[in-house]
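Here's the structure we're looking at; comments come further down.
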Amino acid sequence: MRTESPQIQNFIDGQFTEPTGGKYLDNIEPATGKPYSHLADSDARDVDAAAAAAEKAFVDWSKKPAVERSKLLLRVADLIERDLEKLARAESVDTGKPLSLARTLDIPRAASNFRFFATAILHTESEAHITDNVAFNYTLRQPRGIAGLISPWNLPLYLLSWKIAPAIAVGNTAIAKPSELTPMTAYMLCEIVREAGLPSGVLNVVHGTGPNVGAVITAHSKINTISFTGGTVTGRKVAEACAPLFKKVSLELGGKNPNIVFADANLDAAIAGSLRSSFANQGQICLCGSRVFVERSAYKDFVAHFIEKASQLKMGDPLDEKTDQGAIASKTQLEKIKFYVDLAQKEGGTVALGGKAPELINERCHDGYFFQPTVITGLPVSCRTNREEIFGPVVTVTPFDSEEEVIKYANDCDYGLASSVWTQNLTRAHRVAEQINTGTVWVNCWLVRDLRVPFGGMKQSGVGREGGEEALRFFTEPKNVCIAK
Ligand code: NAP
């Protein structure tokens, strides 16, 4: 298998192909700030070629028995696990995330995504409805055709496989577009699906920019299903492109997630959990809890211990086994983080920890994109820093006095993706969970994921749900057959 290649090509109709225009983009390693490979800078002609291949492949793939599709997807899962180390290293180099995180989270989860949907399609049920003595109805759920799958840079293989696996498991064919910032593991996945024996054209990957590839996919007449994960601003463009064409669309967008700590919580667990939810993957997980609210009687204690623990996180070369905090994924993202830390201070906040780039990590990482874990206190709940997504290792901590008040704070936001509540009072946990407007509420935990549960956001965090039955339904078309009695 290729691990690092100077040229990341498209994968169309089972073949690695040059972009039609012959152009390539630099692929930069965030830890060094230097290009280390190149990716296809594709355009509409490449998307057309992928759509033609996917259309042709759909004829047989959509009719293949579920058990045969299942076997192929299970083989893909096995091969991802076989190549765990190579994939984890590639993901770490491509994104700047610690190798240890890619090895324990990203790549195992990509294998689980394929395995989960490979087996889910063997356990589905069909609905039937009897209309008195008149008729008998049953529902067919059929593959829709070609799915366009667009994903971001923060969890590249994890999120792309979360779309590819259900889309093709139910009999669709797919055209995937990874982020231009992190194309490597999608490229490696193509070698895996080829080795697994997935028929040509079932999965096609077209690399390139959002405008030249992503927007072409969303507007393409042959691609009738779009599953998008990314920022809310881009999500709006995707929605606008799909609406007049009546495409089926799923949007998983940004977040500004509240992390609520009541004074009756197990504070050690709340601090450990908050540390992860604040800084895992350098805060670049859509589910990170970037707004921490702590009940006033526990506030001082929490802040002191939280800062102490956060200051002990080891920043370093992502490839160093001991590193907890790696690099920020891109220079643009690093600039955005710096902008918000400046803004927080202008809005009256105090930088209680971090707030700048670290000391030189090592010679290799001299020009890399690093930023310290940062804790900001003293901000009003309604300021921009507390309302806009930063997507980096920056959290605000704010005290609250009552349950009603913190529920208001949590919901005072355009986003509604996820939240965490830390309390030992079970009645309160249920009561608060019911009132928070987020697609997921974690109680006394964070990022515990069961692939069967509905996953997605409210408000500007998205439209629709992924996961389990929701994904199987999204990628199929229900058809009622009504037979007279
Ligand atoms: P982004 O800029 O919105 O990009 C996401 C994907 O869309 C990339 O592949 C991008 O290509 C492509 N794209 C850009 N313009 C497009 C257009 N006009 N039409 C179609 N596709 C287009 O997001 P990002 O910066 O990569 O990712 C960070 C964001 O993702 C954050 O807001 C985060 O919260 C969100 N996110 C959400 C979830 C969730 O499950 N809700 C999960 C992870 C991340 P290029 O890379 O080439 O620009």
Skip the ligands, DNA and RNA, and give the accessible area per residue of the chain with a 1.4 Å probe, whole Å².
40
For n ≥ 4 DSSP H runs only, could you compute -39500 (n - 2.57) per run for the chain, divide by its residues and tell me the 222 nm figure to the nearest 500?
-11500 deg cm²/dmol
Inter-centroid distance (Cα atoms) of region 126-167 relative to region 385-421, Å
33
Can you tell me the FRET efficiency between residue 86 and residue 125 if r is taken as the Cβ-Cβ distance and R0 is 41 Å, rounded to the nearest 0.05?
0.60
Cα shape, region 252-328, gyration tensor, a/c 1.5 rule
oblate
Can you tally the net charge around residue 384? Count Lys and Arg as +1, Asp and Glu as -1, for every other residue whose Cβ sits under 14 Å from the Cβ of residue 384.
-1
Neighbour net charge for residue 270 - beta-carbon separation under 12 angstrom, K R +1, D E -1:
-2
In straight Cα distance, which aspartates and glutamates are under 12 Å from residue 331, not counting same-chain residues fewer than 8 positions off?
29, 367
Hz values of 3J(HN,Hα) by residue in region 260-265 - Karplus curve (6.51, -1.76, 1.60), Gly and Pro given as x
9, 10, 7, 5, 8, 6
Amide H contacts under 5 Å for residue 224, restricted to residues at least 5 apart in sequence or on another chain and with H modeled in the peptide plane, are 146
Can you pull the percent of Cα pairs in the chain with separation above 28 Å?
53
Rounded, prolate or oblate: which fits region 395-463 when a ≥ b ≥ c are the square roots of the eigenvalues of the alpha-carbon gyration tensor, with rounded for a/c under 1.5 and prolate only if a/b beats b/c?
oblate
Residues with beta-carbon under 12 Å from that of residue 14, excluding residue 14: net charge, scoring Lys, Arg +1 and Asp, Glu -1?
-1
Take the cross-link list 163/247; 256/408; 256/314; 256/338; 222/247; 309/336 and give me the ones stretching past 20 Å between alpha-carbons.
256/314; 309/336
Counting only protein heavy atoms and a 1.4 Å probe, tell me what percentage of the chain's accessible area is made up of carbon and sulfur.
53
Over all viewing directions the Cα convex hull of region 216-277 casts an average projected area in nm² of 5.8
Whole number please: convex hull volume per residue of the Cα set in region 257-452, in Å³?
120
Cross-link partners of residue 71 among lysines (Cα-Cα below 16 Å; sequence separation of 8 or more within a chain)
63
Straight-distance crosslink candidates among aspartates and glutamates, where the alpha carbon sits under 12 Å from residue 356 and sequence neighbours closer than 8 are dropped:
335, 342
Efficiency of FRET from Cβ geometry, residue 342 and residue 137, R₀ 60 Å, rounded to 0.05:
0.50
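The values are calculated or read from the model by the stated rules, or taken from the named source; none is laboratory data. Bear in mind that the values here come from a model prediction, so they are computed numbers and not experimental data. So basically every Cβ, Gly included, is an ideal-geometry build from the backbone, and we count neighbours across all protein chains shown. Each accessible area value is taken on the protein alone, full model and side chains, heavy atoms only, with ligands, DNA and RNA left out. Shrake-Rupley method; radii C 1.70, N 1.55, O 1.52, S 1.80 Å.
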